[in-house]
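Q: This is the structure I want to talk about, given as structure tokens.
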Amino acid sequence: MTLRLPIAATLLALATAPVFAQSVTLAEDTVPDLKNSGTALWSHTFIEALKADGWETEVFPYNTIGGEDERLDQIRSGILDVSMSDYRVAVEFNPEMRVPQLPYQFKNEAHYARFMENSGFLADVNKTLVPEGFQVLSAIPLGPFGGLFNNKHAVKTAADMSDLRMRAMDTMQMDLFASLGASGVVVPWTEVPNAIQTGIADGYINPVGVPVTFGQADLFDYFTDFKAAPGVRLSIASITWLDGLSDKEKDQVKAAAKAADTAVKAWLPDVDERQKADAVAAGITVYEPTAEELATFAAAAAPLSEKVDGVAPDRQKAILDDIKSYAE
């Protein structure tokens, strides 16, 4: 004979059964300096928003579960849920991501934010990334537009770069340095201090706050704020993780990413002058080029916008036209 619990008892058992919260794992890409790092601020805000919705969270500090390639593999295989990652991880699978990184396409940080938030560009990119096992949650400014650090001499115009060998993070930066008359060498981020100290490279491009944040200020003597392009990293999420979420949980993830984007956007306007002062205090000479001097960099880099490898000319033109439409 089958024994059955009374209906009331059954309902009580269901009501008191443990409810398991959804969980998220996230790998950091920087030291947890919310004052100086856009990605640190983004990931902190994202995680806190999910915590407020009752999620269980686990954050892996910078470099504790592997470098860029290892984290990407973990994301694609579903071992890791969210990673703060290098911009190139998306470029590898969709060359169109190169186009918004072309030099001198954006007037300022606000122009870049408007394009990324409202144009649908990332949504189109994400459609192509589904088979690759991940999605881009956000393209996150590290800080103000990147400038040029070096340890040899002051740089005021493109002509001053002819004797510099610069650390490049990818082939796109190699092309930029070549257009500016310098040479380049691709060096992974973790190997940058050794490359600068041993003369393998003389400098790099980064937002002004990066050397201070990462303890690298003693490697450089000069910074030129040449405003070439936004310094950006990505928050990427595993398709395996996303597909396992309910519609409500997906909405919570989107809301958390939006809150993080908003926090970084509010942080950016006040950080430039403060970080330049920090760089000066650390012994780095900061130079602000005149409009005429900036024009030498823009003119030298202009040919890079004529053709982007892997992107059809009409598609490239459409993206660049779209970027221009968000200028104001």
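The values are calculated or read from the model by the stated rules, or taken from the named source; none is laboratory data. Since we're looking at a predicted model, the values are computed, not measured. Here the Cβ positions follow ideal geometry from the backbone for every residue, glycine too, while neighbour counts run over all protein chains shown. What goes into the accessible areas is simple: the full protein's heavy atoms, side chains included, and nothing from ligands, DNA or RNA. Shrake-Rupley method; radii C 1.70, N 1.55, O 1.52, S 1.80 Å.
Q: Using 0.36 nm times the number of residues separating A312 and A266, minus their current alpha carbon distance, what extension gain do you get?
A: Length gained, A312 through A266: 13.0 nm.
Q: In addition: Add -39500 (n - 2.57) for each DSSP H run of 4 or more in the chain, then divide by its residues: what number comes out at 222 nm, to the nearest 500 deg cm²/dmol?
A: It lands at -13000 deg cm²/dmol.
Q: Could you provide, to the nearest whole Å², the per residue accessible area of the range 136-181 with probe 1.4 Å?
A: That works out to 33 Å² per residue.
Q: Shifting gears a bit: Compute the acute angle (0 to 90°) between the alpha-carbon long axis of helix 313-325 and the principal axis of greatest extent of the alpha-carbon atoms of the chain; round to the nearest 10°.
A: Approximately 90 degrees, to the nearest 10.
Q: For the range 91-160, treating each Cα as an identical point scatterer without solvent, what Debye log10 I(q)/I(0) comes out at q = 0.11, 0.13, 0.17, 0.27 1/Å?
A: At q = 0.11, 0.13, 0.17, 0.27 Å⁻¹ the computed log10 ratios are -0.39, -0.52, -0.76, -1.34.
Q: Give me the percent of the accessible area of the range 18-106 that comes from carbon and sulfur atoms, probe 1.4 Å, all protein chains in place.
A: Its accessible area is 51 percent carbon and sulfur atoms.
Q: To continue, here is another question. I'd like the orientation of helix 38-52 relative to the chain: the angle between its Cα long axis and the longest Cα principal axis, in ° from 0 to 90, rounded to 10.
A: 10
Q: Something else now. For the range 205-218, in order, what is each residue's ³J(HN,Hα) by Karplus, 6.51 cos²θ - 1.76 cosθ + 1.60 with θ = phi - 60°, in whole Hz (x at glycine and Pro)?
A: 9, 6, x, 4, x, 4, x, 5, 4, 9, x, 10, 4, 6
Q: Another question about this same structure. To the nearest Å, what is the center-to-center distance of the range 296-310 and the range 189-228, using C-alpha atoms only?
A: Cα centroid of the range 296-310 versus Cα centroid of the range 189-228: 24 Å apart.
Q: Take peptides 131-144, 56-69, 256-269 and line them up by average Cβ neighbours within 10 Å, highest first, as a rough protection proxy.
A: Packing order, densest peptide first, comes out as 131-144, 256-269, 56-69.
Q: Continuing with the same structure: Work through the residues other than G78 whose Cβ is under 14 Å from its Cβ and net out their charges, Lys, Arg +1 and Asp, Glu -1.
A: Summing Lys and Arg as +1 and Asp and Glu as -1 gives -2.
Q: Which order do the peptides 43-50, 308-315 come out in when sorted by mean C-beta neighbours inside 10 angstrom, highest first?
A: 43-50, 308-315
Q: Just to confirm the number: angle between the C-alpha axis of helix 7-16 and the first principal axis of the chain, 0 to 90 degrees, nearest 10?
A: With rounding to tens, the tilt is 20 degrees.
Q: I've got another one for you. Going by average Cβ neighbours within 10 Å, how do the peptides 84-91, 149-156 rank, with the highest at the top?
A: Those peptides, ordered most packed to least, come out 84-91, 149-156.
Q: Considering only Cα-Cα distances, which of the following residue pairs are longer than 29 Å: K258/K307; K51/K265; K127/K265; K276/K307; K35/K258; K152/K265?
A: Flagged as over cut-off: K258/K307; K276/K307; K152/K265.
Q: Send over the semi-axes of the range 188-328's equivalent ellipsoid, whole angstrom and largest first, taken as the square roots of 5 times the C-alpha gyration tensor eigenvalues.
A: 32, 24, 18
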